[in-house]
Amino acid sequence: MKPRKLLSLHGPAHHQQLLMPVEDAVRRRGWDVFRYTVDAEATFQSTMPDDRYLWLPDYADENAAQALYRKNAPYFRELLLQRNGLSLMLPQVLDRIILFCCREWIATRNLLTAEQPTAVLALHELNRWGVDLGYWAHRLKIPYFTLQEGLYYGDPWIYTGHTTYSTTLCWGAATKRILEKAGCPPERVEVIGHPDLDQRVLTPDPRGSDALWERLPEAARGKRLIFVFVAHARILGDFARAFEGMAESDYFLVLRPHQLANLSELENQAKAFDSNGVWSHFGGLDWPYSAHWALMREAEACVLIGCSTTALEWSRTGKPLGQIATPLMARNFAEDGIALSLEGKPLREGLDCLFTEWTDGYKQRQQDFVRDEIANGSAAELLAERIITGSRKKGARP
Amino acid sequence: MNILVVIGEVAYDGTQGKILFLVELLRQYGYDPMLLCWTDRVAQAAQAHGFPLLRITPQEQPAVDAVAEAKQVAELLTGRIDGGDTPSWARLLAFDDFIGSVQAWGLSSLGGYKPDVIIKSVPGGESSTPQDEQVELALHRFATWNRIPRIGVEVQRLDGPLSISRWPVDVLLTKQVYPSWTGLSPALQQTAQLRPAHRHYCRYGMDQMLEGFLPQEKELRERLSLPPDKAVFFMPFHLYYTEECRRLLRSAWESLGKSRQQNDVHLAVSVGNGTRRSLSERDIFMQGCKREWQPWGAVQVLENADTMAMLLLSDAVLLPYHMAVLEDMCRKWEVPLWTLQRETHRLLPWATPIDAIEACRAAVQDAAATPAERETA
């Protein structure tokens, strides 16, 4: 019998984390799993878990891509000379992306034709690689599954087309509601659960703890660890003043940026903290995930600057969550009653309040929030099972 | 007429600052250009030349509702979904890539300065600086939305795989003729090659002779009565080679083919002091080559002209005999050289930045004219 083969599209490292437990579970069921990644200025392949991955540009056909580019170029040239929203995008960047779109469009078709997977998996079909994969999987009658990539709190319009070609297996009822509001057919959105959130934030991992403490300075020992998560590195410096006076406190802050933060921007912003003598430590972008999750397990509280899926991950721990709002924040967890707003006071004072004012009301709302967002915190096996049962008949809607 | 010349870091460094000669050239011809820049080095160099200067500072971009913009872009691109093998551009571009690339900082006004024409270098897809890109995009919006004609000048090479982004200009002045210019935008009516000497403004590398010549170009052209708006073909005549001159004039005219319709040509011939019997070199040329020069329309005969100056002022050279110095300099300055051995050249129309401005002026006037006025015109 021909071996069953799952082909999965890998993007940034924090997305890869969500695919790997499901891939492992699929592999345990006797399937072969092939990962592939795409050319995003080397950011994706440099964080792939190992070297055994397929590389989309290897399947490119430059002549065909150039022909497709030339076919579409006149249309875009005309658009560039008119007044429209595309003029918010640098013409050279737009041009480069169009060329990449053409290359990847052809390459994805070639990849699927060459590898002939039984099913394909990605985190969503809303970026250009997910669209390419969905279109060609549909044309070649290959079942296409997508998993949830984080909390879905953006404008519902962003999620339109989420299930154009895929069946999406999401974490909880809240996401299903959002996707349906965005026009996704209910039968294409299935609530199964998060692959492994419980293992990440609840299950002790001595190796993860070691990795964390290897990275923290000696001064952190004996202090109360506070996990500070910053959604956008470029705004971090604005909050430096609020952090003053932390050096004399019992708290030790560990600042973690979003995985996609720009390194030079982060380093620039960190200078504002150095000059303030804040007793804190920047958990760099090079931290292994095991150390990140160990910090979540071992920190006593989390301060979220901006808006992030971290709010949900942290809420699963049941520990106090503080929030500092930022401009253009899509969701305010303090307004939802699942985080305490720490604005308008020095952070040291805010942290004291966070521990004293973290009442049962907050705890209850946090639990309700987690239940609504995550039906099952350890669903890797269920997800794998769903992919396999949905791929039994080639060409059928999964 | 308000002419805004935009000098970015890449254009300045890529030409070792010589792009500023462009402003000088415009001044020579009576225009009053305003220079737009955003770096100290360019500003200092411009001030040293005494050029009027508009200094801007690209700012942190203001908050913008990228999703609302993306919705509009998606609507705009939805027409590309044809159900066939063409990518669904709305999906490909209007989501992650668009939302992640939105740059909203704009030039709402230029301190009250209202340009009628913008002259700028065309990004060729090579390296750039974040500030250059920020201004490039802001200018693109400013010019498109205010319908200000743009003249693009080639500094970076324009024959890379990316062809869409080099066309948001109305007139393109290039340094070279590219083997293929596919898919020219219908909106882009004019592509012209810069005059050989003017290409030096847009190149890396210094050349003492050219740099000494450029500031006095207009004066020299006037002194020699060379029309500034015509493609000048220069031929040094020598009475030893009358037959060769005749053959060359004839074959060059034929090989110009379509180009001679695109270019208003002007034939300038230099003659020396030689005589044969009662005839001067001028007489020998005028009478002996009459059948050959007549198709050119008219001929200007210059006695004892400075060959190097003529070379700098010419758009092409016809050389009926060997002359190593002239041949070498033609090669160096990339002046098209017609000889009896090599008689064909692929030519775009020649243009100076002045021609481009005049073309833009005509386009603006035409756009502003009422239908009745256009009819009358």
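Laboratory data are not the source of any read-out in this text; all were calculated from the coordinates shown. Remember, predicted model here, so these are calculated numbers, not experimental data. Cβ coordinates were reconstructed from backbone atoms using ideal geometry, including for glycine residues, and neighbour counts include every protein chain displayed.
Please arrange A:136, B:253 by how many other C-beta atoms lie within 10 Å of their C-beta, fewest to most.
Values: A:136 23, B:253 20.
Final ranking by Cβ density, sparse to dense: B:253, A:136.
Considering only C-alpha atoms, what is the centroid distance from the stretch B:1-78 to the stretch B:282-328, in Å? Centre-to-centre distance over Cα atoms comes out at 41 Å. Listed by chain and number, the lysines whose C-alpha is less than 27 Å from the C-alpha of residue A:319, apart from same-chain residues fewer than 8 away, are A:176, A:223, A:345, A:363. At full extension, residue A:248 and residue A:27 could sit 74.4 nm farther apart than now, given 0.36 nm per residue minus the alpha carbon distance.
Computed over neighbours whose Cβ is under 12 Å from that of residue A:313, the net charge equals +2, Lys and Arg +1, Asp and Glu -1. How far apart, in nm, are the 7 Å Cα→Cβ label points at residue B:40 and residue B:68? Taking the two extended label points, one gets 3.9 nm.
For the protein assembly as shown, the mean residue ellipticity at 222 nm estimated from helices alone is -12000 deg cm²/dmol, where every DSSP H run of n ≥ 4 contributes -39500 (n - 2.57) and the total is divided by all residues, rounded to the nearest 500.
Sorted on the mean count of surrounding Cβ atoms within 10 Å across their residues, most packed first, peptides B:217-230, B:305-318 read B:305-318, B:217-230.
With a ≥ b ≥ c taken as the square roots of the eigenvalues of the C-alpha gyration tensor of the stretch B:224-310, please select rounded if a/c is under 1.5 and otherwise prolate if a/b is larger than b/c or oblate if it is not?
Details: a/c = 2.21, a/b = 1.39, b/c = 1.60.
Oblate.
Using only side-chain charges placed at the Cβ, +1 for Lys and Arg and -1 for Asp and Glu, the dipole size of the protein assembly as shown relative to its Cα centre rounds to 2040 debye. Shown in residue order for the stretch A:296-309 are the 3J(HN,Hα) couplings computed by the Karplus curve 6.51 cos²θ - 1.76 cosθ + 1.60 at θ = phi - 60°: 4, 6, 9, 6, 8, 8, 10, 10, 9, 9, x, 10, 7, 4 Hz (x for Gly and Pro). Report the residues of the stretch B:191-231 in range of a label on residue B:358: point 7 Å along Cα→C-beta, backbone N strictly under 11 Å from it. Only B:227-231 fall inside the zone, counting backbone N under 11 Å. Beta bridges from DSSP with both residues in the protein assembly as shown: antiparallel share about 5 percent, rounded to the nearest 5.
Counting only lysines at least 8 places from residue B:230 when in the same chain, those with an alpha carbon closer than 30 Å to its own are B:18, B:120, B:175, B:218, B:258, B:290, B:332. For residue A:123, nonlocal amide neighbours, meaning residues 5 or more places apart or on other chains whose placed amide H falls under 5 Å from its own, are A:147. Computed from the Cβ-Cβ distance with R0 of 60 Å, the FRET efficiency linking residue B:304 to residue B:113 stands at 0.80. Please give the net charge around residue B:303, taking every other residue with its beta carbon less than 13 angstrom from that of residue B:303, where Lys and Arg add +1 and Asp and Glu add -1. Taking every Cβ under 13 Å from that of residue B:303, the sum is -2. Simple rule: put +1 on each Lys or Arg Cβ and -1 on each Asp or Glu Cβ in the protein assembly as shown, find the dipole, and look at A:346, B:287, B:78; the Cα lying farthest toward the positive end is B:287. By the gyration tensor of its Cα atoms, with a ≥ b ≥ c the square roots of the eigenvalues, what is the shape of the stretch A:53-192: rounded for a/c under 1.5, prolate for a/b over b/c, or oblate? Oblate, because a/c is 1.5 or more while a/b does not exceed b/c.
Amide H to amide H, with H built 1.01 Å from N, residue A:301 comes under 5 Å of A:227, counting only residues 5 or more places away or on other chains.
Using the 10 angstrom Cβ neighbour count as an exposure proxy, how do B:153, B:232 rank, fewest first? Don't skip to the answer; put the middle values down first.
Numbers: B:153 27, B:232 22.
In increasing order of surrounding Cβ atoms, one gets B:232, B:153.
For peptide B:163-172, the mean count of partner chain Cβ atoms within 10 Å of a residue's Cβ comes to 6.
Here the Karplus relation 6.51 cos²θ - 1.76 cosθ + 1.60, evaluated at θ = phi - 60°, turns the backbone of the stretch B:213-229 into coupling constants of 6, 4, x, 10, 4, 4, 4, 4, 4, 5, 4, 8, 6, 8, x, x, 9 Hz, with x for every Gly and Pro.
Partner lysines whose Cα lies under 28 Å from the Cα of residue A:2, excluding those fewer than 8 positions away in the same chain, are identified as A:141, A:393, A:394.
Can you check how the C-alpha radius of gyration of the stretch B:10-76 compares to 2.2 N^0.38 Å, as a plain ratio?
Values: Rg = 17.9 Å, N = 67, 2.2 N^0.38 = 10.9 Å.
The reported ratio for this selection is 1.64.
For the protein assembly as shown, the pair-distance distribution built from all alpha carbon pairs, in bins 10 Å wide starting at 0, is 2, 12, 18, 18, 16, 13, 9, 6, 4, 2, 0, 0 percent. Inter-label distance, residue A:365 to residue A:64: 5.4 nm, where each label sits 7 Å from its Cα along the C-beta direction. Near residue A:170, the amide H atoms lying under 5 Å from its own belong to A:190, A:191, A:192, A:193; only residues 5 or more places off or on other chains count, and H is placed 1.01 Å from N.
Relative contact order for the stretch B:184-329: 33 percent, from Cα pairs under 8 Å spaced at least 6 residues apart, divided by residue count.
Scattering from chain A was approximated by placing one identical point on each alpha carbon and applying the Debye formula without solvent; log10 I(q)/I(0) at 0.07, 0.13 1/Å stands at -0.37, -1.18. If you take all other residues with their beta carbon under 10 Å from the beta carbon of residue B:165, and give Lys and Arg +1 and Asp and Glu -1, the sum is +1. Cβ crowding within 10 Å, taken as a proxy for footprinting-reagent exposure, orders A:355, A:76 from fewest neighbours to most as A:355, A:76. Fully extending the segment from residue A:349 to residue A:328 would add 5.0 nm, taking 0.36 nm per residue of separation and subtracting the current Cα-Cα distance.
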